[in-house]
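Nothing in this text is a laboratory measurement; each read-out follows from the coordinates by a stated rule. Just so we're clear, the structure is a prediction, and the values are computed from it rather than from any experiment. Quick reminder, even Gly has a Cβ in these numbers, built from the backbone with ideal geometry, and neighbours come from all protein chains shown.
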Amino acid sequence: MRPKSNLTDTALAPYSRAGQSFARSVSPFISVAVAIHYGIQSRGLTDTNSNSEDVPENESELRRGYDHLLKVLVQFDEQIEFFDKDPESLSLLIQIIHQQAQVTRSSDTGDLKHNALEYIFLNPSRELLSPPILKITSKASRGFNHPQIGWTYHLPAW
């Protein structure tokens with residue numbers, strides 16, 4: 001049986017890496033798909049998949065995101081012009097880049113959550129978080145509202 005193909009092993013690898021790089025280098029909060037659509041529109045190309053409601057107020061961040069992709073992906077401008085004639089393929093390419101950015105963002109924040117617990121306790125190998133943070137628990141009981149985590153946010157009076 002042949003193993004599953006990985007995006008990093010295919011011709012799509014540069015786009016996969018561009019999505020990962022975008023999430024880490026540009027912004028964890030901006031959608032790479034919105035940045036690409038913004039870049040396409042700012043160049044005067046037709047973008048049938050764009051939704052003007054998705055464009056955030058800060059256009060400079062979108063411009064910076066699109067410029068980052070132009071640096072990371074060789075000949076991305078020319079490829080976008082080619083895809084201008086094939087909106088379905090453009091949509092698929094944007095989806096691949098966007099999904100990789102999402103996976104990277106999710107992976108990074110998941111690692112951060114578990115690593116942060118090491119700084120809450122004096123001896124993390126022996127102390128437990130009580131009550132534990134479960135995935136099914138509402139986010140309302142996390143952070144400042146969690147009985148053990150909340151006290152770490154309160155700085156003593158100097």
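Data table
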{"quantity": "Listed peptides 128-134, 86-92, 25-31 by packing density, highest first (mean Cβ within 10 Å)", "calculated": "25-31, 86-92, 128-134"}
{"quantity": "Label-point gap, in nm, between Glu127 and Gln79 - each point 7 angstrom along Cα→Cβ", "calculated": "4.8 nm"}
